[in-house]
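Participant: The structure's right below; bear with me while I get my questions together.
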Amino acid sequence: VKAVWIMATNPIVSMPDADKVREALERCELVVVSDCIANTDTAKLAHVLLPAMGWAEKDGTVTNSDRTVSRQRAFLPAAGEAKADWW
């Protein structure tokens, strides 16, 4: 894989074979991470790190893994230059 985009997740910690995930990301020519937490194991491997809004800053709808669509209203302003996932 030449490039990978990772949004709002830390697969080096959350995936079952974390060492294999790390090795795969280290071989990628371009790793882009968009997350609201800058200092994660995955973010450390990013060539490009984009600031993302946290759940408390997002306004819109959310679809859960069980396909339930919920209305979400932001109750905090976005920090710094953080952007919504769609941005």
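The values are calculated or read from the model by the stated rules, or taken from the named source; none is laboratory data. What you see is a predicted model, and the numbers here were worked out from it, not measured in a lab. Here the Cβ positions follow ideal geometry from the backbone for every residue, glycine too, while neighbour counts run over all protein chains shown. When the accessible area is computed, the model is the full protein with side chains, heavy atoms only, and any ligands, DNA or RNA have been set aside. Shrake-Rupley method; radii C 1.70, N 1.55, O 1.52, S 1.80 Å.
Participant: Rounded to two decimals, what is Rg over Rh for the chain when you use alpha-carbon atoms and the Kirkwood radius?
Facilitator: 1.02
Participant: Considering only DSSP states other than H, G, I, E and B, which trypsin sites (Lys or Arg not before Pro) in segment 1-59 qualify as loop sites with at most 13 other Cβ atoms within 10 Å?
Facilitator: Sites meeting the loop and neighbour criteria: Lys2.
Participant: Which angle between 0 and 90 degrees, to the nearest 10, do you get for helix 18-27 versus the longest principal axis of the chain when only C-alpha atoms count?
Facilitator: Computed tilt is about 80 degrees.
Participant: Out of the total accessible area of the chain (probe 1.4 Å, heavy atoms of protein only), what percent is carbon and sulfur?
Facilitator: 56 percent
Participant: For segment 1-85, what is the accessible area per residue in Å², given a 1.4 Å probe and the full set of protein chains?
Facilitator: Heavy-atom accessible area per residue stands at 71 Å².
Participant: Sort segment 42-82 into rounded, prolate or oblate with this rule: let a ≥ b ≥ c be the square roots of the eigenvalues of the Cα gyration tensor; rounded if a/c is under 1.5, and if a/c is not under 1.5, prolate when a/b is larger than b/c, oblate otherwise.
Facilitator: Verdict is oblate for segment 42-82.
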